[in-house]
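Step one of this worksheet: look at the structure below.
The values are calculated or read from the model by the stated rules, or taken from the named source; none is laboratory data. Just so we're clear, the structure is a prediction, and the values are computed from it rather than from any experiment. Because the Cβ atoms are built from the backbone with ideal geometry, glycine has one as well, and the counts that use them run over all protein chains shown.
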Amino acid sequence: MNRVSSLLPLALLLTLAACRSEQETSVAEARDNVPAAVKGEQSTTETVGNTARNHGYIRRFYQEKGKYYVTVDYIQFLNGADAVAAAQRKGDAVMDVQNGDTTYSVFNDYYIVNDSPRQRTFRLSDQAVLTFWNKTGELRQYNPTPSEVLNQGTDVFRYAPFIVETKQGTITGLTEQYVP
């Protein structure tokens, strides 16, 4: 076997390894096109409930007697060093040792802490602004009405955390937190 023919399989393997699938490319492009105002937000230590802006999972969205209600399970949505520190405390951080140095990280640079099972139900203000991510095709935000949200079903809330804004015990805004 000559030298050129023995290098051919290696060149083919390197070429295939360097290629990105179409799905990987679209995921990477979607992640790179996230507006900074939403991508960088993380939970604060503001008071939960009465008048605040916090992250939470929407556990129930329903209509009763002509009014809309939302049941929220508050969480901490952390990124960067705060995410890594919280993940280390919980034993969830990924440890990597290179050249004797140990570093810790979290997947996609965010970590969610949900230590309390308590859920709170709030009425949705008639003027509440709802902002969701449309992840089909080009990544963009849209503003559905409460009735449109009900028609979409519970899948829209299943995995995504939301930024929940309350004023005097009423929800004035729900913004889906972008997660890669």
Problem set entry | Scope the stretch 90-103; condition surrounded by 10 or more Cβ atoms within 10 Å (Cβ to Cβ) and under 22 Å from PHE77 (Cβ atoms); matching residues | LYS90, ASP92, ALA93, VAL94
Exercise. Out of all the residues in the stretch 46-96, which are outside any strand (DSSP E or B), modelled with pLDDT of 90 or more and either among the aliphatic types (A, V, I, L, M) or in contact with a Leu (Cβ under 6 Å, 6 or more places away or on another chain) (or both)?
Worked result: ALA81, ALA83, VAL84, ALA85, ALA86, ALA87, ALA93
Seminar exercise, completed: Picked from the stretch 138-158 (must be aliphatic (A, V, I, L, M) and assigned to a helix (DSSP H, G or I)), the residue modelled with the lowest pLDDT is VAL156
Exercise. So PHE77 fits all but one of (1) in contact with a Ser or Thr (Cβ under 9 Å, 6 or more places away or on another chain); (2) in contact (Cβ under 8 Å) with a residue 24 or more places away in the chain; (3) over 16 Å from PRO180 (Cβ atoms); what number is the exception?
Worked result: (3)
Exercise. Is it the case that some residue within the stretch 91-106 is within 20 Å of ARG60 (Cα to Cα) and either of a type outside the set (Ser, Thr, Tyr) or in contact (Cβ under 8 Å) with a residue 24 or more places away in the chain (or both)?
Worked result: no
For this session: Could you tell me whether the stretch 97-109 includes any residue that is assigned to a loop (DSSP other than H, G, I, E, B), modelled with pLDDT of 90 or more, closer than 20 Å to TYR178 by Cβ and outside the structural domain of TRP133 (by TED's automatic domain parsing)?
Result: yes
For this session: Could you check, for the stretch 132-142, whether at least one of its residues is more than 22 Å from GLN63 (Cβ to Cβ), hydroxyl-bearing (Ser, Thr, Tyr) and either touching a residue at least 60 places away in the same chain (Cβ under 8 Å) or exposed (fewer than 14 other Cβ atoms within 10 Å of the Cβ) (or both)?
Result: yes
Seminar exercise, completed: For the stretch 155-180, the count of residues that are under 18 Å from ARG59 (Cα atoms) and exposed (fewer than 12 other Cβ atoms within 10 Å of the Cβ) equals 4
